Amino acid sequence: MPQETAVYTHGHHESVLRSHTWRTAANSAAYLLDALRPHMRVLDIGCGPGTITADLAALVPDGEVTALDRAPGILEQARATAEGRSLTNVRFAVGDVHALDFPDDTFCVTHAHQVLQHVGDPVQALREMRRVTRPGGIVAVRDADYAGMTWYPEVPGMDAWLDLYRRVARANGGEPDAGRRLHAWARQAGFAPEAITATAGTWCYRTPEERAWWSGLWADRTVSSGYAELAVDGGHTTPRELAEIAATWRAWGAEEDAWFAVLHGELRCRV
């Protein structure tokens with residue numbers, strides 16, 4: 001089986017986890033929730049700190065959720081999240097979505113949030129997700145589309161941030177505009193067109209608190225995270241340019257009329 005070749009662009013710096021721990025099943029997997037039943041076995045791929053995982057586990061109290069991530073360290077945080085909510089139906093595994101270490105037809109639902117944009121072969125990842133899902137089950141994926149992000153006002157420098165991020169992500173083997181490609185990847189992975197339900201979802205940041213949070217985490221991520229190191233080490237930018245982009249984020253966040261929307265592609269694929 002192929003193994004992961006892409007580099008995770010964001011890393012697990014505090015500024016990244018500030019975003020990841022905000023995510024819930026309600027704000028990040030609403031397109032899936034009406035399909036869940038109490039008895040289901042669910043695989044949550046790329047679980048990160050486990051906030052979505054914990055919500056899924058609470059929704060399948062008679063079933064089980066397996067939280068999988070490539071990074072053993074972040075699984076410890078996911079474990080702490082589950083324990084903090086007194087959830088006893090979550091198990092944890094280190095693994096690679098390109099070669100899942102589970103038998104065929106193991107899960108009722110196989111879920112991945114913001115994962116396919118970071119992997120080297122998203123079509124192979126979807127094939128593996130399909131393989132481990134039972135007939136009649138669901139493969140559910142949701143990914144952002146960076147080129148589809150939009151904001152107001154047009155603070156100078158924001159376009160430079162987006163261009164740089166997309167270049168760095170692609171140099172790392174990922175596809176930052178994954179959202180618009182999900183349905184095509186699913187067809188290439190062998191899902192019949194009639195088995196695919198494609199939708200779109202958004203995150204929107206507009207209140208003063210939301211703007212401060214979103215702009216602050218991106219400003220910090222731009223200069224302090226694994227992304228910053230990869231951007232400089234890869235020859236895409238300089239520390240000075242990153243500092244300028246971080247200042248741009250803070251300037252945007254201070255605008256009283258600031259508004260930012262993140263577009264996502266979403267798929268529910270019936271196996």
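In the stretch 21-44, which residue that is farther than 27 Å from residue 210 by Cβ and open to solvent by 30 Å² or more (accessible area, probe 1.4 Å) is nearest to the chain's Cα centre (by Cα)?
Within the stretch 21-44, the subset farther than 27 Å from residue 210 by Cβ is 35-43.
Filter once more, keeping what is open to solvent by 30 Å² or more (accessible area, probe 1.4 Å): 37-39, 41.
Values: 37: 23, 38: 25, 39: 25, 41: 21 Å.
Going through the qualifying residues, I end up with 41.
State yes or no: is residue 113 open to solvent by less than 20 Å² (accessible area, probe 1.4 Å) and more than 17 Å from residue 28 (Cβ to Cβ)? Taking the combined requirement at face value, the residue does not satisfy it.
In the stretch 256-267, what residues are touching a Gly at 6+ places or on another chain (Cβ under 7 Å) and open to solvent by less than 20 Å² (accessible area, probe 1.4 Å)?
Of the stretch 256-267, the ones touching a Gly at 6+ places or on another chain (Cβ under 7 Å) are 263-266.
Across the stretch 256-267, the qualifying residues are 264, 265, 266.
With a cut-off of at least 2 residues that are more than 26 Å from residue 14 (Cβ to Cβ), out of contact with any Cys (no Cβ under 6 Å at 6 or more places or on another chain) and modelled with pLDDT of 95 or more, name the helices (runs of 4 or more DSSP H) lying wholly within the stretch 175-271. Even if it seems obvious, please write down each step before you answer.
Values: elements: 182-188, 208-224, 226-233, 239-253.
Here the list reads 182-188.
Only one of the listed residues (174, 179, 190, 253) is surrounded by fewer than 18 Cβ atoms within 10 Å (Cβ to Cβ) and either among the charged types (D, E, K, R) or in contact (Cβ under 8 Å) with a residue 24 or more places away in the chain (or both). That residue is 190. If a residue must be open to solvent by 60 Å² or more (accessible area, probe 1.4 Å) and either polar (S, T, N, Q) or modelled with pLDDT of 95 or more (or both), how many such residues does the stretch 1-20 contain? Final tally of qualifying residues: 2. Close Cβ contacts (under 6 Å, 6 or more residues apart or on different chains) running from residues in the stretch 31-51 that are touching a residue at least 12 places away in the same chain (Cβ under 8 Å) and closer than 14 Å to residue 107 by Cα to residues that are assigned to a loop (DSSP other than H, G, I, E, B) and open to solvent by 30 Å² or more (accessible area, probe 1.4 Å) comprise 38/61; 38/62; 39/62.
Taking the criterion of being loosely packed, with under 14 Cβ neighbours inside 10 Å and under 25 Å from the mean Cα position of the chain (by Cα), the only residue of the stretch 234-250 that qualifies is 234.
Listed here are the residues, each with its yes/no results for (1) in a loop (DSSP other than H, G, I, E, B); (2) under 27 Å from residue 199 (Cα atoms); (3) in contact (Cβ under 8 Å) with a residue 40 or more places away in the chain.
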{"residue": "57", "(1), (2), (3)": "no, yes, no"}
{"residue": "67", "(1), (2), (3)": "no, yes, no"}
{"residue": "77", "(1), (2), (3)": "no, no, yes"}
{"residue": "136", "(1), (2), (3)": "no, yes, yes"}
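Going through (1) modelled with pLDDT under 95; (2) surrounded by fewer than 19 Cβ atoms within 10 Å (Cβ to Cβ); (3) not hydrophobic (A, V, I, L, M, F, W, C) one by one, residue 106 falls short only on (1).
Residues in the stretch 124-155 that are open to solvent by 40 Å² or more (accessible area, probe 1.4 Å), under 22 Å from residue 184 (Cβ atoms) and in contact with a Cys (Cβ under 8 Å, 6 or more places away or on another chain): 130 only.
The values are calculated or read from the model by the stated rules, or taken from the named source; none is laboratory data. Everything quoted here is computed from the prediction, not taken from an experiment. Here the Cβ is made from the backbone with ideal geometry for all residues, glycine too, and neighbour counts use every protein chain on show. Just the protein is used for accessible areas: all its heavy atoms, side chains included, with ligands, DNA and RNA removed. Shrake-Rupley method; radii C 1.70, N 1.55, O 1.52, S 1.80 Å.
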